[in-house]
Amino acid sequence: MGTTTSAKAARKAAREAITQANAELARRTKLNVDDLTTFLAAMGRAETVDEWVAEKMAALKAQGAKRRDEQRRQAGAALRAMRDRGEQVRDIAALAKIGEKQVRELIRLAEALPAAEGEAQDAAASQDAGADGAASPASPEAHGGHAGAHGVAADPTVAPAEGLAPVGQ
């Protein structure tokens, strides 16, 4: 009977060892499933971040192109004013330290995009920025319509003092 007892004990010990091994395997498998779920979710979110960045970059590039065009239009308008006062394109180019070709291109740009169109684009952009109707903290409207000497346009309803040029012109 000693052998049957030892055989039963051996089987019991083997079953317990297998049960423990299976429990350990089940625990590790559950942890692996949890970690893989976290991994796949994070990678999916990372891909959406890449798409989000690409969209933001495209929007910023478009906004930058609009701003650049507006600045180039203003530069061209200034050069056109010099030309209209009788300055030669050659002399304007020398004063501005740019080529005559670039002077002509900027003047053409200013003539192609009149100031009213540039202002309409600016108005549309400011409406997009403050779609809820409230003025942004950086806008002149947020400060009572007044502007300082920091490049913000002055209130158009206030006339300049006699003998002084309007701010920003």
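Just so it is clear, none of the values below were taken in a lab; they were calculated from the coordinates. Remember, predicted model here, so these are calculated numbers, not experimental data.
Below, the figures for the structure above:
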read-out: Backbone HN-Hα couplings from phi across segment 54-69 [Karplus 6.51/-1.76/1.60, Hz, Gly and Pro as x]; value: 4, 5, 5, 4, 4, 5, 5, 5, 5, 5, x, 5, 5, 5, 4, 4
read-out: Over segment 11-122, equivalent-ellipsoid semi-axes from the Cα gyration tensor in Å; value: 74, 13, 6
